[in-house]
1. Under the rule a/c < 1.5 gives rounded, and otherwise a/b versus b/c splits prolate from oblate, where does segment 86-142 land using the Cα gyration tensor?
2. Structure shown: which of 30/210; 40/76; 40/197; 190/221 lie over 25 Å apart, alpha-carbon to alpha-carbon?
3. Can you list the HN-Hα couplings for segment 215-228, worked out from phi with the Karplus curve (6.51, -1.76, 1.60; θ = phi - 60°), rounded to whole Hz and with x for Gly and Pro?
4. Which FRET efficiency value, to the nearest 0.05, is calculated for residue 220 and residue 275 with the Förster distance at 25 angstrom and r the Cβ-Cβ distance?
5. Mind checking the angle between helix 152-165 and the chain's longest principal axis? C-alpha axes, 0 to 90 degrees, to the nearest 10.
6. Would you calculate the volume per residue, in Å³, of the smallest convex hull containing every Cα atom of the chain?
7. So if I average 1/r over every pair of distinct C-alpha atoms in segment 1-70 and take the inverse, what Kirkwood radius in Å does that give?
8. Just subtract the alpha-carbon distance of residue 239 and residue 358 from 0.36 nm times their residue separation and send over the number in nm, one decimal.
Amino acid sequence: MPSKELPERSDIVIIGGGIIGVTIAHELAKRGEEVTVIEKRFIGSGSTFRCGTGIRQQFNDEANVQVMKRSVELWKKYSEEYGFSFEQTGYLFLLYDDDEVEEFKRNIAIQNRFGVPTRLITPEEAKEIVPLLDISEVIAASWNPTDGKADPFHATAKFALHGEEFGAKLVEYTEVKDFIVENGEIKGLKTSRGTIKTGTVINATNAWAKLINAMARISVKIPIEPYKHQAVITQPIRRGAINPMVISFKYGHAYLTQTAHGGVVGGVGYELGPTYDLNPTYEFLREVSYYFTKIIPALRELLILRTWAGYYAKTPDSNPAIGKIEELSDYYIAAGFSGHGFMMAPAVAEMVADLVTKGRTDLPVDWYDPYRFERGELRGQALQMG
């Protein structure tokens, strides 16, 4: 269980107890570092417990493919060691025109170069994987059977539990109010429950990252804004009817898959913001109902049991900001995941832990350079749906 008391001091403090903060703490504690996570509500309460469960290597650039290949390896390793659900049920991108096919051929070439076994398949092969699909307009599909999904509640809890076993402290219902800085060096943090002394802080607050950066009084502008995205879950259908994550950019940038309990979970690209409002909307329900039934007509017979909202903490190029902020010693950021934080978390944890403990990492962290926005060096838009 997360710690009740705020410690007097900690070598490293992570602000934010979502999957990113928790896995970074787990990795640092595993390496013998003294680390504390401070979360203003409860572990996973931000974007993590609102996510769509998907974990994919099918990206459109070398850096994200490499990071996600490593992440999938770690998802597999830790799910086996810690006993949480990670299923490699695949990702299936439905393609509807020649331009889309050519774009995905380029993506597949990048993925194959790094050992990700994605391939282009026929509509008939796609229907063999998901027999309920309407393939009347589909001309091809991009299929990687090693992509998958995990239960965010179970996985986050297990990383938190084992992080604590390695010595990490997780402090909930504690809000960071200000930084204590002297001559450019972090000396501590003021919180709603007192002060904690520390020399190293990691901002893992995602949708709230800009607020923490403002507290740190850093001058570099890192544009991360919270956008409301919504999701649904339906009443259960026969288990295994929709095993992979199914994606259709033609129909609302929709994504959908089936949970272990049989319900269909997913969303579309309907986006509102920047905003911290999380009230579900009728407009989203109308769009998700229309688009889901264009992809799988049989879904029109189902009842929607629940709808909810979470945040895509977005940057201008849909890639996160990960790295050290040089003007303040020692301040790091890992935020702005634009809907990809859950899937990237184990590899990002390795990346950040490497930076903190060794000052370098073998993973392509330069792609996520927090200073790229000020330099006007935006990356190509990361492949994004929902």
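The values are calculated or read from the model by the stated rules, or taken from the named source; none is laboratory data. Here the structure is a predicted model, which means the values were calculated and not measured. Virtual Cβ from ideal backbone geometry, glycine too; neighbours counted across all protein chains shown. Please note that ligands, DNA and RNA were not included when accessible areas were found on the heavy atoms of the full protein model with its side chains. Shrake-Rupley method; radii C 1.70, N 1.55, O 1.52, S 1.80 Å.
1. In terms of gyration-tensor shape, oblate.
2. On the way: 30/210 29 Å; 40/76 30 Å; 40/197 18 Å; 190/221 23 Å.
Exceeds cut-off: 30/210; 40/76.
3. Those phi angles translate into 4, 6, 6, 7, 8, 5, 8, 10, x, 10, 10, x, 10, 7 Hz.
4. Working: r = 24 Å, r/R0 = 0.97.
About 0.55, to the nearest 0.05.
5. Between helix and principal axis, roughly 30 degrees.
6. Working: hull volume 48.8 nm³, N = 386.
Hull volume normalised by residue count: 127 Å³.
7. Values: mean 1/r = 0.0715 Å⁻¹.
Mean inverse Cα-Cα distance, inverted, gives 14.0 Å.
8. Numbers: separation 119, 0.36 × 119 = 42.84 nm, distance 4.58 nm.
Working it through step by step, the gained length comes to 38.3 nm.
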